[in-house]
Amino acid sequence: MEVHADEGGVTKTIGGSMWIILPAGYLGSSFWGMALVVASVDPIGVQVAAGLLCFALFVLLFLADNTTVRVLSVGFMLLIAGFWACQILTPFKGLGKWLRSHLGRAGAFRR
């Protein structure tokens, strides 16, 4: 797998069925996106998901052969760490309560 600086890349495969290989990346990214959305309901779940994602990016630093992937990994780790620090150090605990209090009168967010 190669990732290029112009947001492109190429993955070379030997053997296998292209009808299975092609959608596997889309299905995998959809699964992980769903898992992060489900984890974002609970503040502890957010921290666990962020920690696991940072750990995966840290492991990728040692496995990647491409400088661009390493730079992107470090950038995303710093971004996640910054959001994590904001969540821990500030009293703001998300938009859910605010949306329910301000938009709940319209019936959109009532329980």
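Rule-based calculations on the coordinates, nothing more; no lab input. Note that this is a predicted model, so its numbers are computed, not measured. Neighbour counts run over all protein chains shown; Cβ positions are idealised from the backbone, glycine included.
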Q | All positions within segment 44-84 that are surrounded by 13 or more Cβ atoms within 10 Å (Cβ to Cβ), closer than 15 Å to Met1 by Cα and not aliphatic (A, V, I, L, M) | A | Asn66, Thr68, Arg70
Q) Only one of Gly16, Gly28, Gly33 is small (Gly, Ala, Ser) and assigned to a loop (DSSP other than H, G, I, E, B); which? A) Gly16
Q: Would you mind telling me which numbered condition in (1) assigned to a helix (DSSP H, G or I); (2) over 15 Å from the mean Cα position of the chain (by Cα) Ser73 fails?
A: (2)
